[in-house]
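Here's the structure, in structure tokens; my notes come after.
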Amino acid sequence: MTAYLIRRLFQMVIVVFVVSLFMFFLFNIAPGGPLTGLQQQQRRITPEEKARIRAQYELDLYWPVRYTRWLVGQPQGPLVIGGQEWFANVPMGCYLEATPEEGGGCADYVYLSEMPELHPPIKSSRGILFGDFGNSTVVQAGRPVWDLLASRLMATVELQVISLVLALVIAIPLGIYSAVNQYSKFDYTFTTAAFVGSSMPTFFFGLLFILLFTVLAGRAQEVWPWWPTLPPGLREAVRPYDVASWLRVQPGTPLDRFLHLLMPVAVLTIFSVAAWSRFLRSSMLEVLRQDYVRTARAKGLVERLVINKHALRNALIPFITILVLQIPIFFAGAIVTETVFAWPGMGRLYFDALNRSDYNIALAFIYVTTILTVVATLLGDILYSVVDPRIRY
Amino acid sequence: MKTKKFLVLALLTILALVVSACAAPAAAPGAAPAAGGEAASSGAEEFTTPHPILSDVKVRQALAYCIDREALIASVYPYVEDGAELLMDSFLPKTHWAYVGPYTDLPMYDPDAGKALLDEAGWTQADGAPVRTNAAGDSLVLKFTTTSAQFRQTWSAVMIQNLADCGVQIIPTYAPASWWFGDTTGLARRDFELGAFAWVGQTEPAGRSLYACDQIPLPSNNWEGQNYMGWCNETASKAIVQATNTLLREDRVAAYDTVQQEFAKDVVSIPVFQRAEAEAWSSNLTGILPDATEYATTNLAEWALADGGDTIVIGMTQEPDSLWATISSMAASALVRMAIDNERTWTQYDYDFQVRLQTELSTLESGLAANNDVEANAGDTVYNTAGEPVALEEGVLVFDKDNNEVTFDGATAVPMKQLVVTYKMNPFTWSDGTPGTIADFELARTIDCDPDSGATTFTTCESIQDVAWSADALEYTVTYLPGVQTPTYFLAPFAPYPSQRVISDGRVLVDVPAAEWATLPEVTEMPLSWGPYMVKEWNKGQSIVLEANPYYEGDVTTPNVIFVFVADTNQAVAQLLNGDVDYLDDSTLGAGAEVQTVIDAANSTGNVQYEISGSATWEHIDINLFTK
């Protein structure tokens, strides 16, 4: 087991490294970037001005150099050994490109010796490996990425944990009941509903809920003032509001938070319940057909014990994979749901960062999500061996 | 074993990527680039060969005749009652002071005239043939490029049908905005035949970078300029240079008129329509002043809630990136900044300028500005005709004092105009209770003109020769470089920064280098204010809370204002209809299908009000006169 763990850890490091490298490379070659739209401002922009703006985002540096600066914060300048500078004249990038008349290529290289002046440490990261995610370039220009992530993390965790618990509480009994009562009316109804639930995109349910419980409920409230409406989005209100004629809610109170959670949690829960309960149903059905379940029944065990003790435990084993892969989502959030409900979470931040080419935020997000995913996968494998003694590594 | 293979594969891939990315050769500092590269020696430069179809003005006119712009407007703005109000026959909206049209040379919808012109141009349509052909048998097929925005796909579908009816086949490309507006792709590289996008009109129209002959992006000028069409009409080019380099408005109107006439005749860009903009607010809210050129929150101090509420909530789909104007051009940021008033000393309502912190606009008529005659000698820094600060040396082109273009001969002094403008400010107090001083303006110049500040442009800074700061009054006098004749000279170039502010590490703001400013929360998140409101709190991802600035000289009607970030327009409208927010500006509400929801709600419940107007932004189709 120890050898297995060491091997896995080694593999994980490589996976994270390769993912980060490829993501960095892909962002580098993708069209757009922080300078998108610069030409759309109706004013003169000289090549020199453009070069200066590119340099503000370190786009004047070759991407492998930017990568190592992002990863480990180096190079920051020439290597100094014994008071002597080494590699000072090695070009790290191109500040200004030459015109074809000038022969093309680069008119003004950025040399290692110029790095401290052109890209001072105050504006660059100490390296993501050392916990410095750098500064945001667009979304919150100049502010640390970590501050932004931290400001959104709790909102996402809150949303995800509540919907996860709810989804588990609902999906597991549903899946079991449906499997045990296969081909019953309940099973047909449940299977159809689950199929619809997992087929519909979350934004559909999101908009539908807003329409039903806010917009149309608001219309109804004009006729019947006692009719309640739900706040359509945000994490909490910013001023007192009336849910109905009989209920005024103060901003920031537990009731206010609860009301704001209702719709986004419902959407995420519906989606998870639909998917998981179907999964659990088929897993359970497979187990129920096993010989040892038949044996348990044959020896006269009550059905409740057969289901709960013998069948369920084994049916849940493949479910572990699904559950552990929820761990990265606690960090990553739900992009669509958070956007539809204006939930100030990580998913919305990532969506915003991608839309506006804030690569430092996007990369930090992907980096942390990758680490959590490989850790979750390892955890899943370990849990497999714990719950199923037949599995040995 | 598998791990080893994987490791080797990964390392090889990394090595390949690194090698491919580091294609640039290493060279010693100061090494001159090799002269006469391949690109320079191999035939004609890109975009110097006239386009075989579009270089013919008859074809361009025919295209304009064939497009039913009112139908295009109806396709995207079904709720606009009179679409004709959004029609344009120039690059300026009809309400702009520099518009003196109509410019009837710009063809409006008349498909028969369009077809006749195409026949005349040699593009004929055989009976039953869907597409016109010329004598050589080439089909009249054009590529049309724009962004993938649904709005543009909708109106362009109508346009494509219009042109098909005239026998012109269009092959559309709906590219991601990141490619189309990228700094080295799409439009910036003139990678189109017909290309649609929008310009945002300004109070002072500018336009030199769009229509002057020396602003055509080419490989040889490193793609500098925004004249993507490649339009070089000497009359128009001279007029646009005059228009952007003349102080008297009546002279500018005449010059802009010339440009607009030529623009209409040459049909190098087809103005499709002025974009509609909608803003909406709760019927409980009063004091809104919708305007095409000024941000709605500029008069936020006058907004009131009819029910006596003390908190106005404004919904925004975007969260500001920073509250420091030097590094932020976002509308969301400007909406907050205009409320805390730390950006401009003036306003721009109705395509014109008004004072705010300035006591008056420093015009020549006010006596605060003088346009002196000076002798420019060799070695002096002056503005050349291209609008660049240069050392006066032999061969440099400048405008003399009579606005004639002259070439400096290297010896004879050139009489030039030099602007000297005094900007006087009203007394003000910072939201920490400190009275504003002239040092605050001095600090603004130091920081805004520092290349490390992160500013995208230094045009104003580079146009200044000297600034004299008054020792005993809140005023400063700017002496511009000889040759600088900026039409907006009467607007103070620097708004104050709180030089007295102590930041978290104990330093005073005046001592902090410009390079650090963009990273300071005291500058970007919680700046001091001299306006009606100040920032109380910024909850990231959720809201910015403003409260009335107790030291503001004027009146503030509603003490609290909260900007909430709602991410999505549907969500924003739901919040408005639910009474959770009181106001949605045009950058949040836009002009899409959500506007209809607001209109329906306004008609059925009366709880919301809205305003739809022609914005300063206008859609157009640029025609590339040259081919790669």
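Where a number appears in this text, it was derived from the coordinates with a stated rule and is not lab data. Since this is a predicted model, take the numbers as computed values, not measurements. Heads up, the Cβs are rebuilt from the backbone with ideal geometry, glycines too, and the neighbour counts pull from every protein chain shown.
Observations on the model:
- Peptide B:448-460 shows a mean partner chain C-beta count of 3 within 10 Å per residue C-beta.
- Close amide H partners of A:GLY103, meaning residues 5 or more places away or on another chain with modelled amide H under 5 Å apart, are B:GLY36, B:GLY37.
- Alpha-carbon centroid distance for the pair segment B:324-351 / segment B:153-178, whole angstrom: 37 Å
- Debye intensity ratio in log₁₀ form over the Cα atoms of segment B:51-169, taken at each q of 0.11, 0.18 Å⁻¹: -0.42, -1.02
- Applying the criteria of a DSSP loop state and at most 11 other Cβ atoms within 10 Å to the GluC sites (Glu not before Pro) of segment B:394-490 yields B:GLU394.
- Summarising the label geometry, the points placed 7 Å from Cα in the beta-carbon direction at B:ALA515 and A:ILE170 lie 5.5 nm from one another.
- The Cα atoms of segment B:367-414 define a convex hull whose projected area, averaged across directions, is 3.5 nm².
- Volume per residue that the Cα convex hull of chain B spans, once the total is divided by residue count, Å³: 236 Å³
- Residues whose placed amide H lies under 5 Å from that of B:SER529, excluding near-sequence neighbours: B:SER431, B:ASP432
- Nearest-0.05 FRET efficiency for B:ASN403 and A:ALA275, computed from C-beta distance (R0 60 Å): 0.25
- The phi-based Karplus calculation (6.51 cos²θ - 1.76 cosθ + 1.60; θ = phi - 60°) puts the 3J(HN,Hα) values of segment A:86-94 at 10, 6, 4, 9, 7, x, 9, x, 10 Hz, whole numbers, x for Gly and Pro.
- Difference of contour (0.36 nm per residue) and Cα-Cα distance, A:GLN11 to A:TRP227: 72.0 nm
- The Cα atoms of chain A define a convex hull whose projected area, averaged across directions, is 29.7 nm².
- FRET efficiency for A:ILE29 and A:TRP146, using Cβ-Cβ distance with R0 set to 22 Å, rounded to 0.05: 0.25
- With a cut-off of 19 Å on the backbone N, the residues of segment B:296-313 near the modelled label site 7 Å out from A:ARG248 along Cα-Cβ are B:305-313.
- Most to least packed among B:120-128, B:250-258, B:186-194 [average Cβ atoms within 10 Å]: B:186-194, B:250-258, B:120-128
- Shielding value for B:317-324 is 4, the average number of Cβ atoms from other chains within 10 Å of each residue's Cβ.
- Calculated over the protein assembly as shown: convex hull of Cα atoms, volume per residue (Å³): 234 Å³
- Kyte-Doolittle at least 0.0, axis length at least 20 Å by Cα - qualifying DSSP helices, chain B: B:2-21
- Extension reserve of the B:ALA473-B:ILE599 stretch, reckoned as 0.36 nm per residue once the Cα distance is removed: 40.2 nm
- Between segment B:60-89 and segment B:505-526, the alpha-carbon centres lie 49 Å apart.
- Under 29 Å from B:LYS424, Cα to Cα: lysines that are on another chain or at least 8 residues apart: B:LYS401
- All other residues whose Cβ lies under 13 angstrom from that of A:ALA150 are scored, Lys and Arg at +1 and Asp and Glu at -1, for a net of +2.
- Added length on full extension, which subtracts the Cα-Cα distance from 0.36 nm per residue, B:VAL200 to B:ALA331: 45.9 nm
- Translational diffusion of segment B:130-263, µm² s⁻¹ [Kirkwood Rh, Cα pairs; Stokes-Einstein; 20 °C; 1.002 mPa s]: 127 µm²/s
- GluC sites (Glu not before Pro) restricted to DSSP loop in segment B:57-103 with at most 12 other C-beta within 10 Å: B:GLU81
- Placing R0 at 41 angstrom, the Cβ-Cβ distance between A:LEU305 and A:GLN326 gives a FRET efficiency of 0.90 after rounding to 0.05.
- Helix runs (DSSP H) in chain A reaching 18 Å along axis by Cα, Kyte-Doolittle at least -0.5: A:2-29, A:145-180, A:185-199, A:254-288, A:359-387
- Straight-distance crosslink candidates among lysines, where the alpha carbon sits under 23 Å from B:LYS58 and sequence neighbours closer than 8 are dropped: B:LYS115, B:LYS143, B:LYS265, B:LYS628
- Formal net charge of residues neighbouring A:TYR109 (Cβ-Cβ distance under 13 Å; K, R +1; D, E -1): -4
- Rounded to the nearest 20 debye, dipole of chain A from Cβ charges on Lys, Arg, Asp, Glu: 1800 debye
- Note on B:193-201: average number of Cβ atoms from other chains within 10 Å of each residue's Cβ is 1.
- Of the trypsin sites (Lys or Arg not before Pro) found in segment A:73-175, none is in coil by DSSP with at most 14 other Cβ atoms within 10 Å of its Cβ.
- The 3J(HN,Hα) values that the Karplus relation (6.51, -1.76, 1.60; θ = phi - 60°) gives for segment A:237-246 are, in residue order, 6, 10, 8, x, 8, 9, 6, 7, 4, 9 Hz. Gly and Pro appear as x.
- Among B:97-108, B:613-624, the order from most to least packed when residues are scored by Cβ within 10 Å on average: B:613-624, B:97-108
- Between A:GLU101 and B:ALA413, the modelled labels are 3.3 nm apart [label points 7 Å from Cα along Cα→Cβ].
- Virtual spin-label span in nm between A:TYR188 and B:ALA149, 7 Å along Cα→Cβ: 5.1 nm
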